[in-house]
Amino acid sequence: MNGSRFDWNSSVSIDFLLTSGKSGTAQSSKRTLENMRNAYGDRGAVEDLLKQDNPLIYEFYELGVPERRGDLAFGTTILYPGRIGSEYYMTKGHYHNVLETAEVYFTVHGEGIMLMENPEGDWLAEPMKAQAALYVPRRYAHRMINTGSEPLITFFVFDATAGHNYGDIERQGFRKLVVCGPDGPQVVDNPRWKGGKS
Ligand code: MN
């Protein structure tokens, strides 16, 4: 997306087609299974699937807002339904580079869980439901998990200076996993979790 087509010092009106999560003005960034093959616990299921297919797990639209104090970055994410082994399709998950920054997610369509954890050892798994807003507190890494059968479409807003730290989660994972159990989604310990700051 070429951010220069907008003047971020004046009022800007941008349409997102919130029924689909798509934008007429931005290009989406796409994350396929190959882009996040280590995010799933069942490495065998990942490699088996990659031999025949490389499914699109999610895509998101952001609008090149300058990373200035006082600006707000925003966009939409479309997280598709599906499973890899017992785990649902999910986003990579990240901390913000500036840990002390929060984020708001508004669920437009679908259902899921926002999995969160902070370096102090606290974790949260909050349901995401259509037409509800979710506040991700400062210091919490966050990952969306699509537990439904429809695309999970969200609109998000965060501090434009926050930045994204994907590396810590790529290395250590989340301390919890959300898996598909006999009675629906279940939060379980992640046997591969490599954190340990607390
Ligand atoms: Mn974020």
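The values are calculated or read from the model by the stated rules, or taken from the named source; none is laboratory data. All of these numbers come straight from a predicted model, not from anything done at the bench. Counting neighbours? That spans all protein chains shown, and the Cβs are built from the backbone with ideal geometry, glycine included.
A count restricted to the range 140-149 and to residues that are near the ligand (Cβ under 10 Å from one of its atoms) and in a loop (DSSP other than H, G, I, E, B) stands at 1. Looking across the range 161-173, the residues that are touching a Lys or Arg at 6+ places or on another chain (Cβ under 6 Å), of a type outside the set (Val, Ile, Thr) and part of a loop (DSSP other than H, G, I, E, B) come down to TYR166, GLY173.
For the range 99-139, filtering for residues that are part of a loop (DSSP other than H, G, I, E, B) and surrounded by fewer than 21 Cβ atoms within 10 Å (Cβ to Cβ) leaves 15.
For the range 51-80, the tally of residues that are over 16 Å from the mean Cα position of the chain (by Cα), modelled with pLDDT of 95 or more and either under 22 Å from ILE113 (Cα atoms) or surrounded by 15 or more Cβ atoms within 10 Å (Cβ to Cβ) (or both) stands at 1. Being closer than 26 Å to ASN38 by Cβ and surrounded by fewer than 18 Cβ atoms within 10 Å (Cβ to Cβ) is the filter; apply it to the range 150-164 and report the residue that is farthest from the ligand (Cβ to nearest atom). Out of the qualifying residues, it is GLY163.
Residue check: is PRO137 more than 17 Å from GLU62 (Cβ to Cβ) and within 13 Å of the ligand (Cβ to nearest atom)? The answer is yes for PRO137.
Within the set GLY196, GLY167, the sole residue that is within 24 Å of ASN97 (Cα to Cα), at pLDDT 95 or above and surrounded by fewer than 18 Cβ atoms within 10 Å (Cβ to Cβ) turns out to be GLY167.
Residue-wise test of (1) more than 10 Å from the ligand (Cβ to nearest atom); (2) among the β-branched types (Val, Ile, Thr).
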position: TYR80; (1), (2): yes, no
position: GLY85; (1), (2): yes, no
position: HIS94; (1), (2): no, no
position: THR101; (1), (2): no, yes
position: PHE106; (1), (2): yes, no
position: MET114; (1), (2): yes, no
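Any residue at all in the range 176-185 that is of a type outside the set (Asp, Glu), modelled with pLDDT of 95 or more and within 16 Å of the ligand (Cβ to nearest atom)? Within the range 176-185, none of the residues are of a type outside the set (Asp, Glu), modelled with pLDDT of 95 or more and within 16 Å of the ligand (Cβ to nearest atom).
Here MET90 fulfils each of the conditions (1) modelled with pLDDT under 95; (2) under 21 Å from the mean Cα position of the chain (by Cα) apart from (1). Residues that are assigned to a strand (DSSP E or B) and of a type in the set (A, V, I, L, M, F, W, C) within the range 71-98 comprise LEU72, ALA73, PHE74, ILE78, LEU79, ILE84, MET90, listed in sequence order. Being assigned to a loop (DSSP other than H, G, I, E, B), among the aromatic types (Phe, Trp, Tyr) and within 22 Å of LYS30 (Cα to Cα) is a description that does not apply to PHE155. Would you please name the residue that is farthest from THR32 (Cα to Cα), looking only at residues in the range 88-130 that are among the polar types (S, T, N, Q) and in contact with a His (Cβ under 9 Å, 6 or more places away or on another chain)? Only one residue fits best here, namely ASN97. Could you run through the range 20-39 and say how many residues are part of a strand (DSSP E or B) and of a type in the set (S, T, N, Q)? Adding up the residues that qualify gives 4.
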